[in-house]
Structure formats: C-alpha cells, structure tokens
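The values are calculated or read from the model by the stated rules, or taken from the named source; none is laboratory data. Since this is a predicted model, take the numbers as computed values, not measurements. Backbone-built Cβ (ideal geometry, glycine too); neighbour counts: all protein chains shown. Just so you know, the surface numbers come from the protein's heavy atoms only, side chains and all, with ligands and any DNA or RNA stripped out. Shrake-Rupley method; radii C 1.70, N 1.55, O 1.52, S 1.80 Å.
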Amino acid sequence: MPKKNNSSSIYSVSENLYKKQDKEGAGAGSGVEYKSGLDVIRVPSSKGNKKHKIPGIKSGRLIQLMSNLERDTFLFFDLSKNVKDIREQFPLDRSITLAIAEKLGIGHPKGIDAHTGLPMAIRMTTDLLIDYVDEDKKGNYSALSKGILQ
C-alpha cells in the first residue's frame, strides 16, 4: 500500500481538495459571481514571475493572475469594448484533458494525492477564458494559455 503523504502544504493537491473546490463553486459563474478555478496562493511562484490580484473592470471582482504576462494580457482584454467577461484560471474537465492526452500519445500532468499517496491526474486550467461579441454580434469564447500568449 502506498505511503500517505501527510503534507499540509498549501501547494498539495488531492481528490478531496478538488471535491471541496467543486462544492465551493470554483470555476463556476460569470461576472462578479465567478470564482476562480485556482487561487493564486495555491501555486508557487516561478522565477521571474509575480502573482497578481487586481480589480477587473468588466467583471467587477478581484482577478487572480499567475504572471506578469497574464496580467498584461488581462488588462488588454479588460479594456476591449467587445469583451463582456473574463474568467481566469478556468478549470478544464479532467476526463476531456485525459482523453486528449491519450489520443495524442502525450503525458497528462500528474501529482501525488496528499491524502492517499497515490498518483493522480492534476486538474488543468486555462489562463483566461474571454467572453466576447464578434462583429456579427454573436457571442463567442476564446481560451488563452501561456503557450499561446508567449
């Protein structure tokens, strides 16, 4: 039987944590009611990046951003007249990301469940989900991640 990881680090993940986040509505809602799918406090800073919490004009709430690049991109879209809402750290469905990884023959991000000590698939997020109206007045969504932003 795998050894349990009794780590109480804020950076630890577990299936229990994901269930709690789902129950609390992480990644649900829009505008002022949206709750970020990932709190910046739960992610360690990487070298050269600074985490930000800034007020959003479109959403009327505090926006959580993981880097200077995310902040700059967010600010650009928050001032765009066609953008209706921006949701940061939007969680992706793990069953879908696992299926995509399998189909492409690539590894899916994994971690160790802090409660069971067993390997688990990490929940992925997209940096920004932009809700906008195009020139034909049709509503659209566009997901942006660091790979696209860089």
- Query: Can you list residues whose amide H is under 5 Å from residue 85's amide H, if they're 5+ apart or on another chain and H is modeled 1.01 Å from N?
  - Reply: 131
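Of all accessible surface on the stretch 53-150 at a 1.4 Å probe, what whole percent is carbon and sulfur?
Carbon and sulfur: 59 percent of the exposed surface of the stretch 53-150.
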- What does the charge dipole of the stretch 96-150 about its Cα centre add up to, to the nearest 20 debye, if the Cβ of each Lys and Arg holds +1 and the Cβ of each Asp and Glu holds -1? 200
- Query: What fraction of the Cα pairs in the stretch 57-150, stated in percent, has a spacing above 19 angstrom?
  - Reply: 52
- Here the stretch 86-101 yields Karplus 3J(HN,Hα) values (6.51, -1.76, 1.60; θ = phi - 60°; whole Hz; Gly and Pro given as x) of 9, 10, 9, 6, 6, x, 9, 5, 4, 5, 6, 5, 5, 5, 5, 4
- Note on the structure: Rounded to the nearest 10 Å², the accessible area of residue 96 using a 1.4 Å probe with every protein chain kept is 100
